[in-house]
Amino acid sequence: MLNHELFPVFCISALNDMGSGRLMGFIDNVAPAAADLKPEQSVNGKEIPSKKEAPTAVFVFKTVHQPNLGQVTFFKVMSGEVKLNDKLVNSRSGETETLNQLFIMDGKERKQVTRLTVGDIGASLKLKYTETNDTLSQEGYDVVIKPIQYPQPRIRRAIFAVNTKDEEKLSESLRKIHSQDPTVLISFSNETRQQILACQGELHLATIDWTLKNIYGVEARFEKPKISFRETIQRSSSATYRHKKQSGGSGQFAEVHMKIEPWLEGMEEPDGFNLRGKEQVDLPWDGKLVFYNCIVGGVIDQRYLPSIMKGILEVMEKGPLTGSYIRDVRVMVYDGKMHSVDSNDISFKIAGAHAFKEAFLNASPKLLEPAMELTVTVPEEMVGNVMTELQTRRSIIQGIDNSNNYHILRCIAPEAELFGFSSELRSLTKGRATFKSVFSSYQPVPANVQKDLVRVGEDN
């Protein structure tokens with residue numbers, strides 16, 4: 001226990017007062033005393049001196065939001081002393097917190113105290129800038145205590161308020177849930193326009209649903225998250241588009257000729273063009289747009305080229321196949337026409353967008369899907385069933401390792417196929433298998449799957 005190699009687990013019922021005496025007896029007679037534990041360490045590997053005379057440092061290990069009290073922050077004094085009305089600096093935010101209230105918890109009862117010393121566990125109310133895993137220390141004592149490492153989420157769901165009027169209330173409730181339980185992650189996808197909740201499993205999700213409904217009064221619904229696909233091209237293509245509009249007075253006129261090609265890292269510059277300028281755009285959603293000015297003879301004024309590129313980028317934000325982001329394309333604008341009176345920025349923006357879209361659709365467009373690096377640890381007698389399940393989810397096995405009668409499967413799996421995998425794996429292995437996944441790369445979608453996805457996009 002001193003080396004954190006053994007963690008005893010006790011089953012008790014506080015409601016029926018069963019087992020609590022044995023738990024307290026174990027803590028008193030067997031568990032190591034706080035003074036016997038190894039000193040805590042900072043993130044840079046330095047030991048935190050467990051002395052009353054040392055500079056003050058406390059570690060926040062729990063946050064609770066209570067209806068009548070607001071935010072309750074629980075902490076352990078790692079070094080020095082904490083006194084009522086002390087001002088401590090948050091190492092993460094740099095903000096100064098004033099501990100206007102200090103108390104220790106005795107069940108539901110709060111006992112006010114004026115000071116806490118090293119080794120004590122206490123709480124304070126309504127700290128403005130402090131969350132779980134933060135370090136608070138006295139001014140001038142620059143220390144960050146090693147944070148708690150939380151497990152990565154196992155499942156993801158898109159979450160919506162059943163009553164659209166409760167969307168703001170839902171967001172605030174989810175923020176409080178994350179504050180109390182950092183293993184619940186909340187994010188918003190600008191691409192899919194969905195709020196995403198990630199947690200540890202179906203039971204965890206059911207607990208969150210219950211909390212929203214019964215504690216915060218918000219009824220939520222959960223859906224399968226949309227997948228963030230990418231669109232790109234497989235060959236070169238050319239297109240010409242003339243934009244002409246006359247509505248009395250000055251009209252609109254622009255004509256753009258362009259060629260597009262797949263972009264690859266380290267590829268040679270395009271042949272057959274008079275390259276007069278190059279701009280490389282690192283796209284916010286990853287990938288690149290490489291834009292070449294190949295205009296000769298002044299057929300398009302230089303000042304209109306940024307408008308053409310702006311029109312191209314607008315199309316790239318919502319690709320013509322499924323409305324997903326486009327990536328890794330290079331564009332050569334090599335010819336066109338303009339009018340001394342009717343040509344303007346908006347005309348060339350429209351012409352550039354239409355020319356790019358037409359060229360894109362004629363360049364063998366391809367969908368890319370996010371692929372995850374999946375690691376599954378499973379008892380050796382259950383490997384066959386798990387491998388069959390992985391293969392039905394279009395997974396590619398990369399390797400198998402052995403460790404203590406367990407097999408560790410390493411594979412690449414499409415994110416779109418992992419929905420429900422956590423529950424299926426638990427069912428197949430009676431809860432004995434575990435897995436973790438991290439983003440790997442974008443991979444081409446099989447032709448039959450792409451056909452179905454494009455059809456769904458057209459229907460929508």
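General remarks:
- Exclusive hit being hydroxyl-bearing (Ser, Thr, Tyr), more than 30 Å from GLU40 (Cα to Cα) and buried (at least 17 other Cβ atoms within 10 Å of the Cβ), set SER173, SER137: SER173
- Among residues of segment 72-104, those that are surrounded by fewer than 19 Cβ atoms within 10 Å (Cβ to Cβ), at positive phi and in contact with a strand residue (DSSP E or B) (Cβ under 8 Å, 6 or more places away or on another chain), counted: 1
- Residue, farthest from SER79 (Cα to Cα), within segment 93-118, restricted to residues that are of a type in the set (S, T, N, Q) and either assigned to a strand (DSSP E or B) or outside the structural domain of LYS76 (by TED's automatic domain parsing) (or both): GLN112
- Flag if SER173 is of a type in the set (Ser, Thr, Tyr), in contact (Cβ under 8 Å) with a residue 60 or more places away in the chain and outside any strand (DSSP E or B): no
- Residue check, GLU40 without any contact (Cβ under 8 Å) to a residue 60 or more places away in the chain and acidic (Asp, Glu): no
- Qualifying residues in segment 87-120 (those that are free of Cβ contacts under 8 Å to residues at least 12 places away in the same chain and of a type in the set (Gly, Ala, Ser)) - the one farthest from PHE59 (Cα to Cα): GLY107
- Candidate set: segment 389-413, residues that are touching a residue at least 24 places away in the same chain (Cβ under 8 Å) and among the charged types (D, E, K, R); chosen: the one surrounded by the fewest Cβ atoms within 10 Å (Cβ to Cβ): ARG410
- Of all residues in segment 247-266 being touching a residue at least 24 places away in the same chain (Cβ under 8 Å) and part of a loop (DSSP other than H, G, I, E, B), the one that is farthest from GLN280 (Cα to Cα): SER250
- Meets criteria (under 19 Å from GLU358 (Cβ atoms), hydrophobic (A, V, I, L, M, F, W, C) and touching a Ser or Thr at 6+ places or on another chain (Cβ under 7 Å)) for ILE300: no
- Any chance GLU109 is at pLDDT below 90 and within 28 Å of ILE208 (Cα to Cα): yes
- Residue pairs whose Cβ atoms lie under 9 Å apart, sitting 6 or more positions apart in sequence or on different chains, and linking a residue in segment 150-162 that is within 17 Å of VAL438 (Cα to Cα) to a partner that is assigned to a strand (DSSP E or B) and among the β-branched types (Val, Ile, Thr), are GLN152/VAL438; ARG154/THR434; ARG156/ILE196; ARG157/ILE196.
- Elements of type strands (runs of 3 or more DSSP E) in segment 276-383, at least 3 residues being outside the structural domain of SER237 (by TED's automatic domain parsing) and either under 24 Å from the mean Cα position of the chain (by Cα) or surrounded by 15 or more Cβ atoms within 10 Å (Cβ to Cβ) (or both): 365-379
- Residue in segment 126-137 that is in contact with a helix residue (DSSP H, G or I) (Cβ under 7 Å, 6 or more places away or on another chain) and part of a strand (DSSP E or B) present: no
- Residue that is touching a Ser or Thr at 6+ places or on another chain (Cβ under 7 Å) and assigned to a strand (DSSP E or B), where the choices are PHE75, PHE61: PHE61
- Selected residue (only one of GLU231, GLU167 is modelled with pLDDT of 95 or more, touching a strand residue (DSSP E or B) at 6+ places or on another chain (Cβ under 6 Å) and not in a loop (DSSP other than H, G, I, E, B)): GLU231
- Criterion (part of a strand (DSSP E or B), within 22 Å of the chain's Cα centre (by Cα) and at pLDDT below 95) met by exactly one of SER437, SER423: SER437
- Restricted to segment 387-420, and to residues there that are acidic (Asp, Glu) and in contact with a Ser or Thr (Cβ under 9 Å, 6 or more places away or on another chain), the residue that is nearest to PRO370 (Cα to Cα) is GLU415.
- Among the residues listed as ARG230, ARG235, ARG221, the single one being farther than 23 Å from HIS354 by Cβ and of a type in the set (D, E, K, R): ARG221
- For SER440, the test of being polar (S, T, N, Q), under 25 Å from SER364 (Cα atoms) and touching a residue at least 12 places away in the same chain (Cβ under 8 Å) is passed.
- One residue stands out in segment 223-260 among those that are over 19 Å from LEU289 (Cα atoms) and aliphatic (A, V, I, L, M): the one that is surrounded by the most Cβ atoms within 10 Å (Cβ to Cβ), namely ALA254.
- The one condition from (1) modelled with pLDDT of 95 or more; (2) touching a Leu at 6+ places or on another chain (Cβ under 7 Å) that THR240 does not meet is (2).
- Scanning segment 13-40 for residues that are under 38 Å from the mean Cα position of the chain (by Cα), outside any loop (DSSP other than H, G, I, E, B) and surrounded by 10 or more Cβ atoms within 10 Å (Cβ to Cβ) turns up just one, ALA34.
The values are calculated or read from the model by the stated rules, or taken from the named source; none is laboratory data. Predicted, not measured: the structure shown is a model, and the values here were computed from it. Note that each Cβ is placed from the backbone with ideal geometry, even for glycine, and that neighbours are counted across all protein chains shown.
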